[in-house]
Structures are given as C-alpha cells and as structure tokens.
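The values are calculated or read from the model by the stated rules, or taken from the named source; none is laboratory data. Just so you know, these numbers come straight off a predicted model, no measurement behind them. Reconstructed Cβ throughout: ideal geometry from the backbone, glycine too, with neighbour counts over all protein chains shown.
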Amino acid sequence: MKERLIVIGNGMAGMRTVEEILKLDAEAYDITVFGAEPYGNYNRIMLSPVLAGDKTIDEIMINDEQWYVDNNITLYKGKTVVDIDRKERKVIIDDGSEHEYDRLLIATGSNPFIIPLPGHDLEGVIAFRDINDVDMMIDAAKGDGHAVVIGGGLLGLEAANGLMQQGMKVTVLHIVDTLMERQMDSVAGKMLRKSLEERGMEILMPASTKEIIGDGRVEKVILEDGREIDASIVVMAVGIRPNIELASKVGIHCERGIVVNDTMQTFDPRVYSVGECVQHRGETYGLVAPLFEMAKVCANHLVQHGIALYEGSVTSTKLKVTGIDLFSAGDFTGDENTEELVFQDASRGVYRKLVIEDNKVKGAVMYGDTIDGSWYFDLMRDETDITDFREKILFGQAHLGDSGHGDENRIEMMSDTTEICGCNGVSKGDIVNSININKLLTLEEVRAHTKASSSCGSCTGLVESVLAHTIGGDYSVAPHLKPLCACTEHTHDEVRNAIKNNELKSVHAAIDFLEWNTPDGCGKCRPALNYYVMCQYPDAQSDDSQSRFINERAHANIQKDATYSVIPRMWGGGTTPTELRAIADVADKYKVKTVHVTGGQRIGLYGLTKQELPEIWGDLNKAGLVSGHAYGKALRTVKTCVGKEWCRFGTQDSTQLGIDLEKMTWGSWTPHKYKMAASGCPRNCAEATIKDFGVVCVDSGYELHVGGNGGIKVRVTDLLTTVKTPEEVLEYGAAFMQIYREEAHYLERTAPWIERVGLAYVKEHVVDDEANRKALAERFHYSQSFAQDDPWEARAKGAEKHEFEPMKNINA
Amino acid sequence: MSEEWIEVGSLNDIPKLGARVVNAPEGDIAVFRTADDGVFALRDSCPHKGGPLSQGIVHGDRVSCPLHDWKIMLDSGTAVAPDEGCAASYPTKMEGDTIFLSLTANEGCPNKD
C-alpha cells in the first residue's frame, strides 16, 4: 500500500510542496489535504490587487478543485484539524472523523495580529489576510465611508491603496515616523509618503491608537493624543504571527514558529512543516519566495531523495501599489562596520542606497527606479567584491557596459508592446498575459511558457522585473541555491567540487554519485557535466560525445536549415596563397553556397551537408588547414593587427604574439566560447578590449585586458595588469584561461563570471600570487597536452563514421 | 492493417543515447536508442521549426531539438508541455539485435512533413 501523506493547510506553501512531490514522484503518496477556508488554493500575496480591483478572485486561484481531482488528491475544504494523535499517527477533524497518516505536513501559515485594544471586537474591525477579509472591505467600500488602516507597513499600505481604489477615503495610522520601516530607511519612507499623499491618502504618524468605539459596529477611532477619526471600517495590519496553535498543542517543539531543521523536519521525524508557520535557524518568513524554496526541499525529502538542504533565504521586497516602484533587500540600515553609497534625485523621484561591508553589498533600498534591484540582489547573494566598479555601481548595471537595455528602466512605464526578449520576439504584454492566464510564479515557468529569456538570457533581469511587477514580487531566491538544472538540487559549484573531491571521471559517475533525479540527465546538464569532468581530469579520456551538443559532436556549426558550416583555423588571422587556393578548390568542388569572411579573421564555408564534412576536412587537411573550433565552447580565434612589422604606429610584434597565443591555446575546451586578440598599439585595431583575453601592446610592454565581449551585452574588458615580455603574456594568458576553465559555470562567459566573482578576486589569484599563476599555467599546459588533436584529421580518416553517415537509405 | 517491416540496421549501429538517420522517400526518419536500449523512430523534423531531431541530445524518454531546445517524446512524437505539436512517429520492432522500421506512421499526428 502507498504511504499516506496528510497536509494540514491548503495554502501556497503546502500546495507548492505537493506540486513538487508530484513532479518528483507522482506515485509516492496517497495525499489528503485539509483546508479551513472554503476555496481551492489561491495566491495570498495577490489579495492586494483583488482589493484594488486590478484582479479577480478567479485570476488568483492557483489550484482549482479540478486540479485536486486530476492528481488524485483528496481535498477537505472548510475542515479544521483540531488534534493530532502522534502515537497512533492520525489527525482528528472538527467533525469528529479521524484520518491516519504515515507522514504529516503542517502548513498552517500565519495569523494576523490583532491588537487587543478596547473595541477590537466590534463589527467592522478586520484584518487583511484572506478572501473573506477582502470581501468585507469591498462591501464596506460600497457605502463610500471612511476607512482607517492601523499599520503603515507593507500590508497596511497595500490595504489602504486598495480601499482608496474602491472609492473610500482612507487614513493610515502608523506607530513610528517612517512608513514600512522594516523595508525602508527614512529617506525612501518620506518619498513614499509624499507620493501616497499626492494620491489622496491621509497618513498620521507617529500615531498610537487608544480605542475603537461604536455601538455594536465601529464608528470612531480615538488616538492617544485625543484626536478622533470617523471610521466605517478599521483594518488592522500590524503584523502576522506564525500559526503554531495546533503544533504546540500536540507537543511539537515550537518557539516563535514550529522549529524545523534544514530538511524542514520538525522534532517529530514523521512530521514536516513549511511556510509562514515555521521557524528555521531562528528566522520566520512572510514572503512567498522562501516558501517555494522550503517546499522544494521538503518535497525532496518526502519522496526520499534526501539530498536537498534549506539554508535560509535572503529576501527582497516590492510594494504592490500601482505606479510606485520601490525595492529593498538585505540589511539596509547598516551598523558601525558598514558604509553607505547613496544616490538621490528628488525632482525625478529617484533614490538608491547601498549598504556596503568589506566591499560587498549587504543591503539595498531603492525608490522610483528599481530595475537594478535584481542586479544588486545578485551581487549581494554572490558576495561579489565590488572594489573595481564601486564608483559606478549606483548608476546601475547599464553603466557597466551593458548596452542591451540601458534606457528601459521602468517596467511600469513600458507599454505592453515593448519588446522584452529580442531573440524570441516576446513583448511585455505577452509576458504579463501569460503570467496571468497560466498563473506563473517563477522565472523558469515564464521561460517555458513564453520563451522569453530562454535563448541568450540577456533579458533575464527584465523578465524577472516584469514577473515581480506582475505578481507583486517579493521575488527572491535563497543564497547559493540555484540548481544546475531540473535534474538535481546541486548548484554548479557543488557539482564541480563533488567531481573534484570524489574522483568522478565520467558523466555517468557524476549523475550516479550526485543522485540525479533523472536516469541520464537532460540536454542542459549532460554537456555541463561532460565539460566539468574533462576539465578536472584531462587525462581520463572521459569525453562522452552523446553528452555534447551537436556542434561539438559533429565538429561543425549546425545552421537553421540543418546544414553545417566549415571554418578552418587561420593562425593569428594570417593565411597563405596555398591555403586560400585550397579553400577556393573546396568551395568549387562541393558547390559551397556561401563563402564569408567571419568576424574572427577567417573564412567560413556555409551550406554543407553533414555527410560531406569528413571528405571536405580531408581536402583541407592536405593543405595544412585544421579545425577552427568555430562551433565549440572552446578557444575560437586570436584576432591581430599587423603590428610593428608593417604598421608605422606599431609598438610590438602583435601578429607573432597572436600566433603564439593561438598555438598555445587551440583545442582547449572552455565553459563558453573564448576569444582573444592582440593589438600592436593603443589604437587597438584588433579590438582587444572586447575580448575574453586581449593584449594591447604599448611602447613599454603589454597591457593585459580580461572579461570583455562584443556579444549580446557589449562589455569592455577590465585591465588585469601590464607586463614586460611576450613570455609573460603567454604565462598570464594560460593562467587566466585556466582559472576561468576551473571556476566559471558552464555556459558562463568571462564577462558575467568576472562580474560575479569580481576583478579583485582574479587579480589576487593570477597577478598577486605568482606561485598560483605558475601552477595554473602548468595545469593549463598539462590539459593541452591531451587536447591538441585536430578533430578533423581523425574523422577525415574514418573515425566516428556513424556520426556522419545515414544508417540506411531506402529511397532507392 | 498489415505492416511492411524494413530492416534498417543493428542496435549497435546507434550509440546509446544517440540517433541515426534513415533516408526515406517521404523524408528522413530519425531512429533513436535510449539508455535501456529502447528503439524509437520519428520524422526527423521538429514540429517547431523543422530542426533535425536526430541531431539532438537524447535523455530519458525524450530528445531535445538542437535548434531551439524543444523536448519531444520519443514514443509519441509529441512536444513536452507547455510547447505544443508533434513529429510523426513510426513503428519499430527488434528481432534479436536487428532493427525493423515501418514507413506507415502511427495515427494521431498530422505533422508528417
């Protein structure tokens, strides 16, 4: 018989856990859900837009009743669990019935805190917590009365805004003198106050309520200082308390919340708990993103995969009030060890404050223009050393060379037709519609449904902002918990470390050891694992061609019509009449449709069938031409100018330097494509300052530039250091490439990698530490001793025949 | 309905988690081999933009199209949700290690081009 799982609480956290369980193993449990509210599962954070009239109840339903039926889940709506018999493992319901469980999940959420003022129990005094509260508020608004909201925090202001939208006059009473003081500092708080007052909201603070009076129904609110305010409805929004009533009654250890460990297990090993009711490492959470993280971890343990850990969440907040953009994250108040970076433009209504400690972002508050919120959040989460761009950081990522979406910085202001994803032609309106219709809650879901951000990824920040803006995003992720892909809970770094520390020398060894939840991975993780294993154990001959993307399997670039391109290497951009004749002969012989000079100083032949490739390569090999690896996550080209041999401005022999760099590095596999250049003088004709590794020759030596690219987001390089000799250029070049090979995530180019770890980190390991530099270079050369075989030569001679020929031709 | 089975090769002709192409009169057919030696045949054309599925990465019971990463189920040829569409699937059978293919597509998928 299947094990029985009972879930107490039909809210977002509990049902997210159930969804995660179904995803991992739909057959794991017979699932029964008890919910006190008479509805399916709805998105509680969307109550504000419902109140404001921007959304309907139907639109915020996440799982309708059919969903429970479709997934064989027994749902008891409007039923309250009144007791748990932990010894007999059963729950007792308010109607007296009993239900047995093997595992129990408590997801009772939280209760609004009602201040026990005189008059708090009058009719018309309500909280802002569920659909019922919203219905009462909408009803009250029909009489055009005056609403008093007690509490100027996130929830209170959203309630006040909603009531105003419903046509009521609203007064907000706040006990301290800064609105949303848990999310904002006083400057941002003042800007927010001004903008809310301009909309007609009355805000009294500091204001402390003495009592609520009325004859059966609320009529007035009296303040401590004697002021009286008419009220036809009073909304108490002063905070929430984890709902631990049931758990503590049955003796499960609780403090402020139900205490759980990193696997979301309570002190009773058969009982798990997730959501706002739990206390984890001393913290309780009231935002949606941490709940999702918890749900994932909890499901992982309930289906007995047993590998995921919840390590707490760093959260960020946004206010769901139309037309007001504010964002905060982390520790934004600071202490004696922190510094503040502040940008303020009162007339534009823009304010940004970053709290910095040891050159790392600890917290952020933004008002007015919040597009860079997700970037600051990433810097905070990744603990990036910001030393090298701290003078620009307040101006946002656009000013770090991202020319992609620099001006588009207010989601609110964007029209629905604004294109967000240029690769797949997805507009803001498309994304918003899909989020609403398909009830999407995460970036992954938006990618799957709209394809936005699923190709080049440069619009990811924008898509996240649209998502946050649309669902009201307390959108966040726990630190270091971005799994490599859906097959695993492990991050890129965890996977790399496991491969290194446990001698995992093949893709399948890694999949088995790390207990992937799919038998043989997916198209995303297998190429990554293949690279990680090869990089760690260059001598293990582990390369698994079935784990490579077609381009690297066929050593040619697949084109949109399923033909391929052939691009031979031209060392440092140089060629000879013999090579050119050979290329021309091949182009004639195989009736090549397009001959094109590439951006990397070589010649590409396009429109060839796969079957022809080995023969063409054989012809090119005869003239001494080898694979240019123009198809791979590998060293591509080294672009050069003619340098001092010919150019009157040239200061060094940049051409020979380029050839030497290319001879040293060709054949190496890298996390993403890797391009180099060497310019003979600061005029920089070889465009070395938008390459992964660029050399600019100067009279006194060689400037080494790193982390640039001219791709999706143009990024200009950072200056790594200046050296005196070509030998040093080669040593630094090898060492930099190797640290990138060893530490970047698969499909992460040097530019985002450097932005993630910080240039200071790279300098420390490559420039300042000579022994480490030499060790890196040595590991690079060792790896190269296995990598520098021309893949074309072997295949022209018949290797991997199955890759290029059809299995059978039955046309005849 | 009587099937006309055509011998197309041996199991060992296809790498595990790989595919080979059979040139057929109506267009290429991709023949896949899964990790547990299951053999499946689909029209070698993704329902999205016609990408050659035979060139994709095979994982579990599906293949990822090399052009835009749609996932296609090997047994039915249908795209994994939320994508929609299908590639025609063809019956296969094994006799020992020999693979036989029928050129009569299974019912249920209009995308035979």
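Kindly indicate whether any position in segment A:632-655 is buried (at least 20 other Cβ atoms within 10 Å of the Cβ), part of a helix (DSSP H, G or I), touching a residue at least 60 places away in the same chain (Cβ under 8 Å) and not acidic (Asp, Glu).
Yes, there is a match, as at least one residue in segment A:632-655 is buried (at least 20 other Cβ atoms within 10 Å of the Cβ), part of a helix (DSSP H, G or I), touching a residue at least 60 places away in the same chain (Cβ under 8 Å) and not acidic (Asp, Glu).
Output the number of the condition that residue A:527 fails; it satisfies all remaining conditions of (1) touching a strand residue (DSSP E or B) at 6+ places or on another chain (Cβ under 8 Å); (2) away from chain B (no Cβ under 14 Å).
(2)
For the condition in contact (Cβ under 8 Å) with a residue 60 or more places away in the chain, among the hydrophobic types (A, V, I, L, M, F, W, C) and crowded, with 18+ Cβ neighbours inside 10 Å, what is the one hit in A:729, A:766, A:714?
After ruling out the rest, the residue left standing is A:729.
Output the residue which, of all residues in segment B:1-58 that are of a type in the set (S, T, N, Q) and free of Cβ contacts under 8 Å to residues at least 12 places away in the same chain, is surrounded by the fewest Cβ atoms within 10 Å (Cβ to Cβ). So that I can check it myself, show each step before the final result.
Here is the first cut: in segment B:1-58, the ones of a type in the set (S, T, N, Q) are B:2, B:10, B:12, B:23, B:34, B:45, B:54-55.
Still in the list and also free of Cβ contacts under 8 Å to residues at least 12 places away in the same chain: B:2, B:23.
Numbers: B:2: 6, B:23: 15.
The qualifying residue surrounded by the fewest Cβ atoms within 10 Å (Cβ to Cβ) is B:2.
Would you point out which residue out of A:719, A:759 is without any contact (Cβ under 8 Å) to a residue 24 or more places away in the chain and within 23 Å of residue A:359 (Cα to Cα)? I'd like the intermediate steps shown before the answer.
Numbers: A:759 fails: without any contact (Cβ under 8 Å) to a residue 24 or more places away in the chain.
Within the list A:719, A:759, the selection yields A:719.
Filter segment A:6-43 for residues that are of a type in the set (Asp, Glu) and within 16 Å of residue A:69 (Cβ to Cβ); which is surrounded by the most Cβ atoms within 10 Å (Cβ to Cβ)?
The first filter runs over segment A:6-43 and keeps only residues of a type in the set (Asp, Glu), leaving A:19-20, A:25, A:27, A:30, A:37.
Now drop any that are not within 16 Å of residue A:69 (Cβ to Cβ), which leaves A:19, A:30.
Working: A:19: 19, A:30: 16.
Applying the filter and picking the extreme gives A:19.
If I ask for residues that are more than 46 Å from the chain's Cα centre (by Cα) and either surrounded by 16 or more Cβ atoms within 10 Å (Cβ to Cβ) or farther than 24 Å from residue A:181 by Cβ (or both), which ones from segment A:224-248 would you list?
Of the residues in segment A:224-248, the ones more than 46 Å from the chain's Cα centre (by Cα) are A:224-230.
Within segment A:224-248, A:226, A:228, A:229, A:230 meet the criteria.
With the requirement that a residue be buried (at least 21 other Cβ atoms within 10 Å of the Cβ) and out of contact with any Cys (no Cβ under 9 Å at 6 or more places or on another chain), what does segment A:691-711 give you?
A:691, A:692, A:693, A:694, A:695, A:702, A:704, A:705, A:706, A:707, A:708, A:709
Sort through A:200, A:251, A:226, A:214 and tell me the only one that's assigned to a loop (DSSP other than H, G, I, E, B) and under 20 Å from residue A:140 (Cα atoms). Steps first, answer last, please.
On the way: A:251 fails: under 20 Å from residue A:140 (Cα atoms); A:226 fails: under 20 Å from residue A:140 (Cα atoms); A:214 fails: assigned to a loop (DSSP other than H, G, I, E, B).
Matching residue, one of A:200, A:251, A:226, A:214: A:200.
Identify, please: which residue in segment A:434-467 is over 15 Å from the mean Cα position of the chain (by Cα) and assigned to a helix (DSSP H, G or I) and is, among those, surrounded by the most Cβ atoms within 10 Å (Cβ to Cβ)?
Result: A:450.
Any idea which of (1) more than 22 Å from residue A:536 (Cα to Cα); (2) among the small types (Gly, Ala, Ser); (3) at pLDDT 95 or above is the one residue A:758 doesn't satisfy?
(3)
Only one of (1) aliphatic (A, V, I, L, M); (2) modelled with pLDDT of 90 or more; (3) not in a strand (DSSP E or B) fails for residue A:342. Which number is that?
So the condition that residue A:342 fails would be (3).
Assess whether residue A:545 counts as being within 11 Å of chain B (Cβ to nearest Cβ) and surrounded by fewer than 21 Cβ atoms within 10 Å (Cβ to Cβ).
yes
In this structure, is residue A:106 within 20 Å of residue A:294 (Cα to Cα) and of a type in the set (Val, Ile, Thr)? Talk me through it step by step, then tell me what you get.
Numbers: within 20 Å of residue A:294 (Cα to Cα): yes; of a type in the set (Val, Ile, Thr): yes.
Here the answer is yes, as residue A:106 does meet what is asked.
Could you identify the single residue in A:112, A:116 that is closer than 30 Å to residue A:208 by Cβ and surrounded by fewer than 13 Cβ atoms within 10 Å (Cβ to Cβ)? Give the steps one after another, and end with the answer.
On the way: A:112 fails: surrounded by fewer than 13 Cβ atoms within 10 Å (Cβ to Cβ).
Among A:112, A:116, only A:116 is closer than 30 Å to residue A:208 by Cβ and surrounded by fewer than 13 Cβ atoms within 10 Å (Cβ to Cβ).
In segment A:691-726, which residues are out of contact with any His (no Cβ under 8 Å at 6 or more places or on another chain) and within 30 Å of residue A:421 (Cβ to Cβ)? Quick ask: steps written out before the conclusion?
Residues of segment A:691-726 out of contact with any His (no Cβ under 8 Å at 6 or more places or on another chain): A:692, A:697-716, A:721-726.
The answer is A:692, A:706, A:707, A:708, A:709, A:710, A:711, A:712, A:713, A:714, A:715, A:716.
Answer with yes or no whether residue A:260 is touching an Asp or Glu at 6+ places or on another chain (Cβ under 9 Å) and in contact (Cβ under 8 Å) with a residue 12 or more places away in the chain. Break it down stepwise before answering.
Values: touching an Asp or Glu at 6+ places or on another chain (Cβ under 9 Å): no; in contact (Cβ under 8 Å) with a residue 12 or more places away in the chain: yes.
No: the conditions fail for residue A:260.
Is it true that residue A:503 is in a loop (DSSP other than H, G, I, E, B), more than 10 Å from chain B (Cβ to nearest Cβ) and either surrounded by 17 or more Cβ atoms within 10 Å (Cβ to Cβ) or more than 28 Å from the chain's Cα centre (by Cα) (or both)?
Working: in a loop (DSSP other than H, G, I, E, B): yes; more than 10 Å from chain B (Cβ to nearest Cβ): yes; either surrounded by 17 or more Cβ atoms within 10 Å (Cβ to Cβ) or more than 28 Å from the chain's Cα centre (by Cα) (or both): yes.
For residue A:503, the condition - in a loop (DSSP other than H, G, I, E, B), more than 10 Å from chain B (Cβ to nearest Cβ) and either surrounded by 17 or more Cβ atoms within 10 Å (Cβ to Cβ) or more than 28 Å from the chain's Cα centre (by Cα) (or both) - is met.
Anything in segment A:795-812 that is closer than 21 Å to residue B:14 by Cβ and either away from chain B (no Cβ under 14 Å) or in contact with an Asp or Glu (Cβ under 6 Å, 6 or more places away or on another chain) (or both)? List them, or say none. Let's see the steps before the verdict.
At the first step, the residues of segment A:795-812 found to be closer than 21 Å to residue B:14 by Cβ are A:795, A:798-811.
Hits for segment A:795-812 are A:795, A:798, A:807.
Return the pair list, or none, for Cβ contacts closer than 8 Å from residues in segment A:555-580 that are away from chain B (no Cβ under 14 Å) and in a helix (DSSP H, G or I) to residues that are at pLDDT below 95 and surrounded by fewer than 18 Cβ atoms within 10 Å (Cβ to Cβ), at least 6 apart or on different chains.
Note: pairs meeting the criteria are A:578/A:623; A:578/A:624; A:579/A:623; A:579/A:624.
Can you pull out the residues in segment B:59-95 that are among the charged types (D, E, K, R) and free of Cβ contacts under 8 Å to residues at least 40 places away in the same chain? Show your work before the answer.
At the first step, the residues of segment B:59-95 found to be among the charged types (D, E, K, R) are B:61-62, B:69, B:71, B:75, B:83-84, B:93, B:95.
Correct list: B:61, B:62, B:69, B:71, B:75, B:83, B:84, B:95.
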